[in-house]
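The values are calculated or read from the model by the stated rules, or taken from the named source; none is laboratory data. As the structure is a computational prediction, the values presented were derived from the model and not from experiment. Here the Cβ positions follow ideal geometry from the backbone for every residue, glycine too, while neighbour counts run over all protein chains shown. Side chains included, ligands, DNA and RNA excluded: accessible areas come from the protein's heavy atoms. Shrake-Rupley method; radii C 1.70, N 1.55, O 1.52, S 1.80 Å.
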Amino acid sequence: FIFKTDKSGNILHQQMGNYPNFTGWLNYNLLENFEGNGYLLFSQYQVGKFVPLALNINPDLSVKSSGHIKLPDSLQFGNLTTSMWDYYDVTKFNDKIVFIARAGLDPEDFYLTKIDTNGNILEMVLDEGEHEYYLHGGINTLDYKNDHIYVSYQDSGRSGVDFPSYTNKIIVRKADTSLNILWEKRLGWDAYYWHSDIYAIDDGGCLVLASVYDADTMFYQNDIVLFKLDSNGNVTGTHRIEDAGGQSLRTYPNPGEDYFNLDMPIGKGTLQVFNQNGQLLFKQPLTKGRNKIDMKPYASGIYYLRLTNEQNRNVGAGKWIKR
C-alpha cells in the first residue's frame, strides 16, 4: 500500500496490491529518486528467490519505463556470504550513491554497503559481533548529516520470546561516507527494546527512538523511549512515554489547579502519575466511581496517568494539566 497526500492529508494517489513482478515482503523504504521526478521503492523481486531491488515509480505512483534498479542479492567477504533478502534499510546520500545497512545472518553481524545507481558496490564494511545475540528486526534506519552516517539496531537477546525477563541493548554506530566506523555506543541493558529508529540532527548528533517492553505489566505492551546523543555519542537526554494501551481516562477539571477527579471505569485499580520526564511520582489505589487526586505538592505542568487493574494490566491512560 502506498499513499501520496497533499499537505492537508488529502489522498492524491494510491497504489494497493503488487506492482508487476514485485513483492513487498519485509521492507518498506521509499525515497525520492535521483532525478527528482519520482520515487524509489526498495523491496524484493520474487523470481524463485527474493532479490532486492529498487523500483522506479512516477509521481502518480505508476511504474516508470526505466523499471528496476538491481541491488546485489548477496555479498561476499572472504569465505562469508550474506543474503540481502532480509531486513535492511537505505538512505540516499547524493545524486549517485545509496547506502544500505542490514543485519547479517550470524549473531550480531552488521553490514554497511555503498552502491551506485546501477547497483555496483563501491565500498562495504562488515563488523562481526562478539556476543551470541541475534538481531531482532535488523537494521531499522540509516540516515546521514554533515557527511556522517548513523545506524541503529537492537539485538533480541534470545530469539522468539514475547515476554522477556532479560534485558537487551540498542547499538548505535556512526560512520563517515567512506564507511569508516567512528564510534559505537550501546544503550539499554535496563529493559527489553524493540524496533529502533534513528535520525541525524543539525548539531552532528542524533535522536534514537525505540519501543521498550513494559515489564510492569508482562503483557503485550510497549512504551516509547527517546535518546538524544551528541556528535561523540554521549547521551545528553532521555524521555520515556508511558503508553497504557487502554481506554482514555476521564479527568476533571482539566486543566485544573490543586486536584482532579477521575471516574474509575473498573472496580479496583491503581493510578500511577508520571511527570513530563516519565518519572513515576506516586501511586494511588482507586475504587469504582469518582476519586479525588491531590496534586497540591506538584508544580504546574503536564502529568501523565496510567491505570492498572488488580492483575497489574494496563486498562487506561490519560493526561492532566496543572495550571
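Surface listing: M124, M295, M16 arranged by accessible area from highest to lowest gives M16, M124, M295, probe 1.4 Å.
Here r is the Cβ-Cβ distance between D6 and R240 and R0 is 25 Å; the resulting FRET efficiency, rounded to 0.05, is 0.15. Pairs exceeding a 24 Å alpha-carbon distance, out of K169/K319; K64/K174; K292/K322: K169/K319; K64/K174. Note on D263 and Y199: the extension gain reaches 19.0 nm, defined as 0.36 nm multiplied by sequence separation minus the Cα-Cα distance.
What the Cβ-Cβ distance of N58 and I97 gives, at R0 = 25 Å and to the nearest 0.05, is a FRET efficiency of 0.65. Dividing the Cα radius of gyration of the range 269-310 by its Kirkwood radius returns 0.96 for Rg/Rh.
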